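The values are calculated or read from the model by the stated rules, or taken from the named source; none is laboratory data. Since we're looking at a predicted model, the values are computed, not measured. In this analysis, Cβ positions are derived from the backbone assuming ideal geometry, glycine residues included, and neighbour counts consider all displayed protein chains. The accessibility values were calculated without ligands, DNA or RNA, using every heavy atom of the protein model including side chains. Shrake-Rupley method; radii C 1.70, N 1.55, O 1.52, S 1.80 Å.
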Amino acid sequence: MQRTELVNRLKSVIQVNGHMLAVATGNGMSAQYVMDGGADLILAISAGRFRQMGQNAFSGFFSCTNTNQMVLDFATKEILPVTDDFPVIAGVFMQDPCIYLYEYLQNIMRNDFTGVINYPSVGFFSGHFRNALEEMGMGFKKEVEGIRLAHFLGLFTVAYVFDEQQAIQMAKAGADIICVHFGITGGGSLGADRFMSLEMAMEIAQNIFQKLNQIRPDIIKIVSGGPVQTPIDAHCFYQNTLCQGFLGGSPIERLPVERAMVNTVRAFKSAGDFDQKNIVSQVLNGNQQNPDYADFMLEYIRKNYGKCIRLKDLAVVTHLSTTRLSVVFKEKTGKSFTRYLIDFRIDKAKELLQTTDCQIKEIALQCGYDDYSQFTKIFKKNTGFTPQEYRTFMKKC
């Protein structure tokens, strides 16, 4: 597909749908499903391949492999054969000292890639290491030059940028899409534990997009990474900024697979509650499009309060961040997740102390407390009595 044709198609998609979607995939199967789902672009970048290997996307930033050769290998063998005329963008490490960039980009064209993106990018780095790269001529300027050269050759170009200055440089170099990247995606077993808030990310993106509109209002403006983990997160950008699309790798290829495979394996192992009317079953089996996650958490606590329950585990299976899940739960109950869980368990313990003759240590276990002394401490803090004092007092009433 020619560059001009793709630009016009994407602008039509944005005009009609309000936004476009680009997906970074790591194998041919994912590519097929992405096309079936209606994505507008496929990106073949080393991060996608490392995800398929069960590794963090940052693996592509180290000399553990030739990242450019990795992309050529898996994309030409797996992705391009199943995509036909669908636009595929190749990730190019433009600081690679082992390639002559002009010839390499021509090779990209000969292999029927539609365009390129600057990945891996030194924009992910800062501090002394980044300064050293810049001083040695291996900084972000190399990526700007690479995008300019690719544009000159007629390739479609997507540019990862991390601040306003970089966005301006890439826009002037002729990039067709500017993608503001907020760092490695959070969530799941391989995601970042620390990332900026959604609100801060939206503010950064809006400032960059407003500046781009002053220079090149025709440029397509999208976001990726960091706190943008769900369709809801992406829609926040569409509604509150000039954002016209989303570029996703982990939120589309990794996080849903984590959730689906973990839950499917658990379902096969479990004696199972397959009641499709039950919200826990619906969420865990992915049978509800817009579930009430607070109701799911309440029901899950009711059915599993005697087991170890961690908010981060529920975040994985609901495909939400722990922060968003906490907010949703508190809006519903008026309590934090931890406070509600403690109150629920203590209420159950009080009930068992009144209605059964079970040993207190057994009651502690039934209520999710393996440590008897911890149970006694928490119980007294919440009721003013030790468990034994409470049982004795209630028998007298």
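Give me the pairs: first residue in region 18-32 and without any contact (Cβ under 8 Å) to a residue 24 or more places away in the chain, second residue surrounded by 23 or more Cβ atoms within 10 Å (Cβ to Cβ) and in a strand (DSSP E or B), beta-carbon distance under 8 Å, and six or more apart or on different chains, which are they? Pairs found: none. Just checking, does region 365-372 include any residue being polar (S, T, N, Q), surrounded by fewer than 17 Cβ atoms within 10 Å (Cβ to Cβ), out of contact with any Phe, Trp or Tyr (no Cβ under 6 Å at 6 or more places or on another chain) and in contact (Cβ under 8 Å) with a residue 12 or more places away in the chain? Yes. Taken across region 211-230, residues that are modelled with pLDDT of 70 or more, open to solvent by less than 30 Å² (accessible area, probe 1.4 Å) and in a helix (DSSP H, G or I) do occur, with at least one present. When restricted to residues that are of a type in the set (A, V, I, L, M, F, W, C) and without any contact (Cβ under 8 Å) to a residue 24 or more places away in the chain, region 295-334 contains 3.
Comparison of Met394, Met297 shows that the only residue that is surrounded by 13 or more Cβ atoms within 10 Å (Cβ to Cβ), closer than 24 Å to Pro231 by Cα and of a type in the set (A, V, I, L, M) is Met297. If I ask for residues that are surrounded by fewer than 18 Cβ atoms within 10 Å (Cβ to Cβ) and not in a helix (DSSP H, G or I), which ones from region 20-59 would you list? Once the filter is applied, which keeps residues that are surrounded by fewer than 18 Cβ atoms within 10 Å (Cβ to Cβ) and not in a helix (DSSP H, G or I), region 20-59 yields Gly38, Met53, Gly54, Gln55, Asn56.
Please find, within region 60-73, the residue that is least open to solvent (accessible area, probe 1.4 Å) out of those that are at pLDDT 90 or above and out of contact with any Gly (no Cβ under 7 Å at 6 or more places or on another chain). By that ranking, first place goes to Asn68. Here Asp84 passes the criteria (1) among the acidic types (Asp, Glu); (2) out of contact with any strand residue (DSSP E or B) (no Cβ under 8 Å at 6 or more places or on another chain); (3) at negative phi except the one numbered (3). Within region 300-317, restricting attention to residues that are open to solvent by less than 20 Å² (accessible area, probe 1.4 Å) and more than 16 Å from Thr333 (Cβ to Cβ), the residue that is modelled with the highest pLDDT is Ala315.
Here Ile342, Ile346 are screened, and the one residue that is on the phi < 0 side of the Ramachandran plot, part of a helix (DSSP H, G or I) and in contact with a helix residue (DSSP H, G or I) (Cβ under 6 Å, 6 or more places away or on another chain) is Ile346. With respect to (1) free of Cβ contacts under 8 Å to residues at least 40 places away in the same chain; (2) in a helix (DSSP H, G or I), the lone exception for Thr65 is condition (2).
Of all residues in region 235-247, those satisfying the criterion of being open to solvent by 10 Å² or more (accessible area, probe 1.4 Å), touching a residue at least 12 places away in the same chain (Cβ under 8 Å) and not in a loop (DSSP other than H, G, I, E, B) are Cys236, Tyr238, Asn240, Phe246.
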